[in-house]
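The values are calculated or read from the model by the stated rules, or taken from the named source; none is laboratory data. Remember, it's a predicted structure, so these values are computed and weren't measured experimentally. Please note: Cβ atoms are built from the backbone with ideal geometry, for glycine as well, and neighbour counts cover all protein chains shown.
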């Protein structure tokens, strides 16, 4: 078999390298865009799940038990703007003279933020295991930016109540938790 | 022998590159279409708000008022005489509810939005038309409530409109 032992000329090699480089640059930008989109949607999914969990937990209680009142927690005579106490019209099954009371709280522990919506010992005595399993505690994604003036906001208009946890990520995307209730 | 690339070799290389690029582009554009479609999905907050609006409207609007037409406009802030709420009124339950939830428009329409053609939608806002077209209807004899909300836009003064829809009425 006779082989052409001359190989490629310099111009051919340069042309090939330039062509391959153009294609690679195009592909690299494409992959980077896809990766950025994937990362962004992953972060968004984490926030969406967190927001949905909290809205679902509080929304179900408002629908099933009827909202009686929503107020900031009072600590040493002052409003604590990191927690809101929600009292419902329905009584506890274990104590028919005590209304169901839950607390929405944002707190910082072990270098992480958490949002909890739960029965708390200070508001409910002898919490049962049935009640305890309805407690919701969720870790907030690491890059969260919360409002330092108060993690939780409460707005009212006559009987309408808006509970808000303003949140955003480091890129400025907003993922607020907004819950609406009607005091009955 | 100084032949270099022959035409056939060049065409083959270009063809192979083109096929790879077309495949990559189509998969990438599919991804973008999916992301765009996802942005039109109702989110939990608006579904929850719409549930409050629906519970109220189901108790005050009889089915006879909306079952004879393709769609029924409950209120729309873009039309002066049919605003959803007024900032000057307080103490009226419906006004306070719509003001508090920032309701911009409420429509009740057939569940099967395929039966509503584009000409019927000309009176709607462009964003509403897009939303209705993005719905995935099934051929059912039911109604849906579509609620449009105004959201603050932190970057510009132009408001953002968000939508959510749920089944409405006894047939839901």
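So which residues in the stretch B:134-155 are within 14 Å of chain A (Cβ to nearest Cβ) and either assigned to a loop (DSSP other than H, G, I, E, B) or in contact with a helix residue (DSSP H, G or I) (Cβ under 8 Å, 6 or more places away or on another chain) (or both)? Hits for the stretch B:134-155 are B:147, B:149, B:152, B:153, B:154, B:155.
Considering the stretch A:19-30 alone, what residues qualify as being within 15 Å of residue B:31 (Cβ to Cβ) and at pLDDT 85 or above? Listed by number, the list holds a single entry, A:29.
Checking the stated criteria, residue B:102 turns out to be on the phi > 0 side of the Ramachandran plot, within 24 Å of the chain's Cα centre (by Cα) and in the same structural domain as residue B:147 (by TED's automatic domain parsing). Looking only at residues of the stretch A:49-81 that are under 25 Å from residue B:43 (Cα atoms) and part of a strand (DSSP E or B), we find that the one that is farthest from the other protein chains (Cβ to nearest Cβ) is A:70.
Just wondering, is there one or more residues in the stretch A:130-141 that are under 26 Å from residue B:55 (Cβ atoms) and in a loop (DSSP other than H, G, I, E, B)? Lay out the reasoning, then the answer.
Within the stretch A:130-141, the first condition is being under 26 Å from residue B:55 (Cβ atoms), and the residues that meet it are A:134, A:136.
Restricting the remaining residues to those that are in a loop (DSSP other than H, G, I, E, B) gives A:134.
Yes; the residues of the stretch A:130-141 include at least one that is under 26 Å from residue B:55 (Cβ atoms) and in a loop (DSSP other than H, G, I, E, B).
Of all positions in the stretch A:159-168, at least one carries a residue that is surrounded by 17 or more Cβ atoms within 10 Å (Cβ to Cβ), without any contact (Cβ under 8 Å) to a residue 24 or more places away in the chain and in a loop (DSSP other than H, G, I, E, B). List the residue pairs whose Cβ atoms are under 8 Å apart, where the first residue sits in the stretch A:170-184 and is more than 11 Å from every other protein chain (Cβ to nearest Cβ) and surrounded by 12 or more Cβ atoms within 10 Å (Cβ to Cβ), the second is in a loop (DSSP other than H, G, I, E, B) and modelled with pLDDT under 90, and the two are 6 or more positions apart or on different chains. What qualifies is A:183/A:159.
On the basis of being at pLDDT below 85, assigned to a helix (DSSP H, G or I) and out of contact with any strand residue (DSSP E or B) (no Cβ under 9 Å at 6 or more places or on another chain), does residue B:89 make the cut? Here the answer is no, as residue B:89 does not meet what is asked.
Does residue B:51 satisfy being modelled with pLDDT under 90 and in contact with a strand residue (DSSP E or B) (Cβ under 9 Å, 6 or more places away or on another chain)? Against the criterion (modelled with pLDDT under 90 and in contact with a strand residue (DSSP E or B) (Cβ under 9 Å, 6 or more places away or on another chain)), residue B:51 does not qualify.
Would you check if residue A:33 is within 9 Å of chain B (Cβ to nearest Cβ) and at pLDDT below 90? Outline the logic, then answer.
Values: within 9 Å of chain B (Cβ to nearest Cβ): yes; at pLDDT below 90: yes.
Yes; evaluated as a whole, the condition is true for this residue.
The single condition among (1) farther than 30 Å from residue A:41 by Cα; (2) at the interface with chain A (Cβ under 9 Å from one of its Cβ atoms); (3) within 17 Å of the chain's Cα centre (by Cα) that residue B:93 does not meet is (3).
Mind listing whichever residues of the stretch A:124-141 are closer than 29 Å to residue A:39 by Cα and in contact with a strand residue (DSSP E or B) (Cβ under 7 Å, 6 or more places away or on another chain)? So that I can check it myself, show each step before the final result.
Initial filter on the stretch A:124-141 (closer than 29 Å to residue A:39 by Cα): A:136-141.
Matches in the stretch A:124-141: A:136, A:137, A:138, A:139, A:140.
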